[in-house]
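S.K.: Quick one: this structure, given as structure tokens, is what I'll be asking you about.
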Amino acid sequence: MRETSLIIGDINIGKTTTVLFNEVKKAIEKGENLCLLDNRDEYFKTFYNTLKVNNYNTLVLNLKEPSKSNGFNPLNVPYDLYKEGKKDEAIELINNLALEIFKDKNSADPFWSNMAANYFMGLVLILFNEGKETEINLGSVQVMMNQGEEKYNESNYLKSYLDGLDVTNVIYSLLSPIVYAPSDTKMSIIVVCKQKLNIYIYREELLNLLNTNDINVRNLKEKTAIIIIAPKQTDIANILLNQLIEVSNLKFTYILDNFDRLNSLIDFSKYLEEASYENNKFIVAVHSIDEIEELYGKHIVSKFGNLIKMDDDKCIEGMQNIPVGNDNNYPTLNMSKHNYLDFKKVVK
């Protein structure tokens, strides 16, 4: 197969066990770094022992059962870049993160989701400037949203913070159209932002997963396997994929099963076009052309170097002699208490 392959076949046609499992096996034999998208928890149980025997560093983002997962803090890598002075790279990652969280393809008016994304980005940049490293997490962003609207002097904490910034500051540019907007408009934007973040904030185990950083895509060593267990549409899987492709120094073989079950991945078309000279491989399986075209446009199929259409008559040699793992092999999520920025203290 060439660097980018698209496999199309209906449910139970054998895409996973006959094609993709064989691709995983070949990649392990070659010692390639792997990123596996697994929405039915098949890849981890099938390949855990094989990866272990072959000395892979295996990391799991388990969005099905967060307590059986490594932690992934989506703010960690942008924060590191920001503190190293690579602010443009950091802001680009924050922007992609915000777009993944707040995009709403069903909305006829993107204004509210776009402004909510800007509000989120502005708060994250304040957090990067004012927070300690241990406070860089989504929980701090939620605290800032709540504290920022509390009354302080003649206005509130967030407006008082902005009043001290130069108008050319990127934080001021992102937040001032919202903070100084009419009250109804401002509160509507904040409500949209809170509603989206609450999906993660109000689930204790998921919040712990997102506040802990075991999967740092900038510090990965050779022979790494990252398995993303995502049983349904989830922005977090997209965010990890985006950061891994954009930031990691390692080249990966991405085997993305049931890829049409994820929300559309920002810049996916670009990743396909760059795969050859970036030395990444993408092997993507979907149920139909219509479904992937609905997500990425009618020209997406032509961007793949290799196309396989599976049907009942297509027989591909299956897997043999693969030792299977079990539930005891899952990592255990670190459930320690997390620190959050006290925004009121910062302003005072």
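The values are calculated or read from the model by the stated rules, or taken from the named source; none is laboratory data. Here the structure is a predicted model, which means the values were calculated and not measured. We place every Cβ from the backbone using ideal geometry, glycine too, and count neighbours over all the protein chains shown. To get the accessible areas, we keep the full protein, side chains included, count just its heavy atoms, and leave off ligands, DNA and RNA. Shrake-Rupley method; radii C 1.70, N 1.55, O 1.52, S 1.80 Å.
S.K.: Please specify each residue of the stretch 258-300 satisfying the condition of being touching a Ser or Thr at 6+ places or on another chain (Cβ under 6 Å) and surrounded by 20 or more Cβ atoms within 10 Å (Cβ to Cβ).
M.R.: Across the stretch 258-300, the qualifying residues are LEU272, ALA275, LYS281, PHE282, ILE283.
S.K.: Which is modelled with pLDDT of 95 or more and open to solvent by less than 10 Å² (accessible area, probe 1.4 Å), of VAL24, VAL19?
M.R.: The match here is VAL24.
Conditions tested, residue by residue: (1) part of a loop (DSSP other than H, G, I, E, B); (2) modelled with pLDDT under 95; (3) surrounded by 20 or more Cβ atoms within 10 Å (Cβ to Cβ).
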position	(1), (2), (3)
ILE171	no, no, no
LEU174	no, no, yes
PRO177	no, no, no
ILE199	no, yes, no
ASN216	yes, yes, no
GLN243	no, no, yes
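S.K.: If you go through the stretch 112-123 one residue at a time, do you hit one that is closer than 14 Å to VAL346 by Cα and of a type outside the set (S, T, N, Q)?
M.R.: Yes - at least one qualifying residue is present in the stretch 112-123.
S.K.: Just checking, how many residues over the stretch 49-73 are among the hydroxyl-bearing types (Ser, Thr, Tyr), within 15 Å of GLU29 (Cα to Cα) and part of a loop (DSSP other than H, G, I, E, B)?
M.R.: 1
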